[in-house]
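Working notes, beginning with the structure itself.
The values are calculated or read from the model by the stated rules, or taken from the named source; none is laboratory data. Just so it is clear, the structure is predicted and the values come from calculations on it, not from any experiment. Note: ideal-geometry Cβ built from the backbone for every residue, glycine included; neighbour counts use all protein chains shown. Quick note on the areas: whole protein, heavy atoms, side chains included, nothing else; ligands and nucleic acids left out. Shrake-Rupley method; radii C 1.70, N 1.55, O 1.52, S 1.80 Å.
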Amino acid sequence: MASYHEPDPILLTLFANRFMSVAEAMGRSLQQTSISTNIKERLDFSCALFAPDGDLVANAPFIPIHLGSMSFAVKYQMNLYGKDLKEGDVLMTNSPHAGGSHLPDITIITPVFDSTSKKIIFFTASRGHHADIGGILPGSMPPTSVNIFEEGAEIVSFKIVDRGIFDREGLLEYMVEQPSKYPGSSGCRNIRDVESDLKAQIAANHKGIQLIRAIVDDYGLATVQEYMYHIRSNAEMSVRNLLRDVVKRAGTTELSAIDYLDDGSPIQLNVTINPAEGSAVLDFEGTGWEMRGNLNAPISVVHSAVIYCMRSMLDLDIPLNAGCLVPLNIRIPPKSLLSPSRTAAVCGGNVLTSQRIVDVVLKAFHAAAASQGCTNNLTFGAGGKGKDGKSVAGWGYYETIAGGSGAGPSWHGTSGVHTHITNTRIGDVEILERRYPVMLHQFGLRTGSGGKGKWRGGEGVVRELEFLEGMQVSILSERRTRQPYGMEGGGPGGFGRNTWVKRPRAEDGDLPEDSNNAECTRNINIGGKATVWMGKGDRLLIETPGGGAWGIPEPDGSSERDQDTHTPRWEPRGSFAERAKAQAAF
């Protein structure tokens, strides 16, 4: 076998793929055993393998914002428990203070013990977005939250399984009782679904343990851990070479960029590259103060966005892992919206501010025009507190909606996709309408929303839902006042817009005598962040932003390539389509 300093390239590739296959198998297990629309259909989850020091080793192509930040969560639990973890222990956490992203993302962490030495040799971890964990609104993504207590249950650390025993009473205390104590808040509105999905995460982690032990049995622990470090070193050297190439291409060691959230809060980045070392300082000095709203992003989310950008700019097939961050010194100003206080609201920071961080990093490195810069978070549901003040059963639905991606120096943006830090699907319309009292009126590309240029920006989408009974509906979105930027003379992407199509009602004064009902329908722009009580028959029309373009348009207005290369080929998605593919494979 090759020495530690000279890894065998064949074994290096083999182990990289074996480690990734562990995460992929964990993900398949989680999808198959979960029951929620969020995890089973939308695939809003991630699974990964971590070294005994908590560094990310390998992952499958899940949700980038989860993968970069989960290492923070694993390391926090390691520091908290030390050597007190035992075989059969499973930990649960979602607190941004403890390496979480936002509260609906619950992380389940399981140590992997060596069968001989009984020492921890790996960690398996899974993070899933749960549709409701309490708080002031169904869906636990309130657009108007001003502190973390309004966003639901916060768990810094909870041993959900203690030496093989599942602690259901403790789970109910954390998820139902504690959140309901905050004024105006409810506990988890559908604890049965959440509990079931948490058990699916625990099972997925166990699947990873079985597979990593099989690899150890095949090659021996020393070889497995040696190549684990080789893989991280390979990623580190790849990023160092990338930084050197950036200096050669740009002709400078100093890069900078600034972009703004819709309320005007700046996110500023200055990059200083040391080409001799292949290292860089990424300094976010100049970024705005902590916000009263929920667009504050925990430090772990900032690191996730940066590691995603570094991996995306590499033209190499390597796993995203902790080695990508070794050459980088990330400096975040204290008390800023990227380093908020412990009680700050953060539910929008994970899904929206993270997108703007990516836009700023890619702008500084001159890599691509801005994508939609949003995830268009839609939540609706029912349930909460009854007249006696106690939590009552209910339900909540959550989805993110696609938009346009930005163009680059040799490609058009893609239309109707989830961009950058998210990688989820949209729920199947059949399942959406069967499980929830809604009807989907339209869902398609938003023509003309992509930026115009030599290389066009991707188109956003139009999604319109009708509510078949009265319920609370919330939208949490960005790029409603500031367009996604173009690069090199390319035009910006189109603004997003959220419209309440309000059905006329006599009790609201909408139906004067001798009026036509259709003529009295009101189109109300509710802005980027709003909660509305929608009556039966009301509709919400969401128009998502397009991506920015790259390059000055040709004199005749044409682009570099034919339109057909711009529009993605439609493919069936969802559980039914996956099942059909699986059956066809036999």
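Can you name the residue in the range 138-155 that is among the hydrophobic types (A, V, I, L, M, F, W, C) and more than 20 Å from the chain's Cα centre (by Cα) and is also surrounded by the fewest Cβ atoms within 10 Å (Cβ to Cβ) among such residues?
Val146
So which residues in the range 440-472 are open to solvent by less than 20 Å² (accessible area, probe 1.4 Å) and at pLDDT below 95?
The answer is Met471, and nothing else.
Which condition breaks for Leu171 when tested against (1) touching a strand residue (DSSP E or B) at 6+ places or on another chain (Cβ under 9 Å); (2) open to solvent by 10 Å² or more (accessible area, probe 1.4 Å); (3) assigned to a helix (DSSP H, G or I)?
(2)
With the requirement that a residue be out of contact with any helix residue (DSSP H, G or I) (no Cβ under 9 Å at 6 or more places or on another chain), assigned to a loop (DSSP other than H, G, I, E, B) and either open to solvent by less than 10 Å² (accessible area, probe 1.4 Å) or charged (D, E, K, R) (or both), what does the range 278-287 give you?
Glu285, the sole residue that qualifies.
Scan (1) in a loop (DSSP other than H, G, I, E, B); (2) open to solvent by less than 10 Å² (accessible area, probe 1.4 Å); (3) at pLDDT below 95 for the single condition Ile318 breaks and write down its number.
Looking at each condition in turn, Ile318 falls short on (2).
Taking the range 437-480 on its own, how many of its residues are polar (S, T, N, Q) and within 20 Å of Ile524 (Cα to Cα)?
Residues in the range 437-480 being polar (S, T, N, Q) and within 20 Å of Ile524 (Cα to Cα): 4 in total.
Could you tell me whether Gly100 is modelled with pLDDT under 95, part of a loop (DSSP other than H, G, I, E, B) and touching a Lys or Arg at 6+ places or on another chain (Cβ under 6 Å)?
no
Against the condition surrounded by fewer than 21 Cβ atoms within 10 Å (Cβ to Cβ) and out of contact with any strand residue (DSSP E or B) (no Cβ under 8 Å at 6 or more places or on another chain), how does Glu478 come out, does it pass?
The answer is no for Glu478.
Could you go through the range 192-199 and let me know if any residue there is surrounded by 17 or more Cβ atoms within 10 Å (Cβ to Cβ), modelled with pLDDT of 95 or more and closer than 14 Å to Gly152 by Cβ.
For the range 192-199, residues surrounded by 17 or more Cβ atoms within 10 Å (Cβ to Cβ), modelled with pLDDT of 95 or more and closer than 14 Å to Gly152 by Cβ: present.
Quick check on the range 482-490. Is at least one of its residues under 27 Å from His66 (Cα atoms), open to solvent by less than 20 Å² (accessible area, probe 1.4 Å) and of a type outside the set (Val, Ile, Thr)?
Yes: one or more hits.
Given the structure, is Pro52 of a type outside the set (A, V, I, L, M), assigned to a loop (DSSP other than H, G, I, E, B) and either closer than 30 Å to Leu295 by Cβ or open to solvent by less than 20 Å² (accessible area, probe 1.4 Å) (or both)?
no
Here is a list of conditions, (1) open to solvent by 20 Å² or more (accessible area, probe 1.4 Å); (2) more than 24 Å from Tyr81 (Cα to Cα); (3) touching a residue at least 60 places away in the same chain (Cβ under 8 Å); (4) basic (Lys, Arg), and Arg189 meets all of them except one; can you say which number that is?
Among (1) open to solvent by 20 Å² or more (accessible area, probe 1.4 Å); (2) more than 24 Å from Tyr81 (Cα to Cα); (3) touching a residue at least 60 places away in the same chain (Cβ under 8 Å); (4) basic (Lys, Arg), the lone unmet condition for Arg189 is (1).
Please verify whether Glu24 is open to solvent by 10 Å² or more (accessible area, probe 1.4 Å), assigned to a loop (DSSP other than H, G, I, E, B) and at negative phi, treating the condition exactly as stated.
Answer is no for this residue.
Which ones in the range 74-88 are part of a helix (DSSP H, G or I) and either surrounded by 13 or more Cβ atoms within 10 Å (Cβ to Cβ) or among the basic types (Lys, Arg) (or both)?
Residues satisfying the conditions are Val74, Lys75, Tyr76, Gln77, Met78, Leu80, Tyr81.
Filter the range 255-269 down to residues that are open to solvent by 50 Å² or more (accessible area, probe 1.4 Å) and free of Cβ contacts under 8 Å to residues at least 24 places away in the same chain, then give me how many there are.
Going through the range 255-269 one residue at a time, the tally reaches 0.
Has the range 60-67 got any residue that is part of a helix (DSSP H, G or I) and either among the hydroxyl-bearing types (Ser, Thr, Tyr) or more than 13 Å from the chain's Cα centre (by Cα) (or both)?
No, every residue in the range 60-67 fails to be part of a helix (DSSP H, G or I) and either among the hydroxyl-bearing types (Ser, Thr, Tyr) or more than 13 Å from the chain's Cα centre (by Cα) (or both).
Look through Ile108, Ile136 and report the one residue that is of a type outside the set (S, T, N, Q) and more than 21 Å from Leu295 (Cα to Cα).
Ile108
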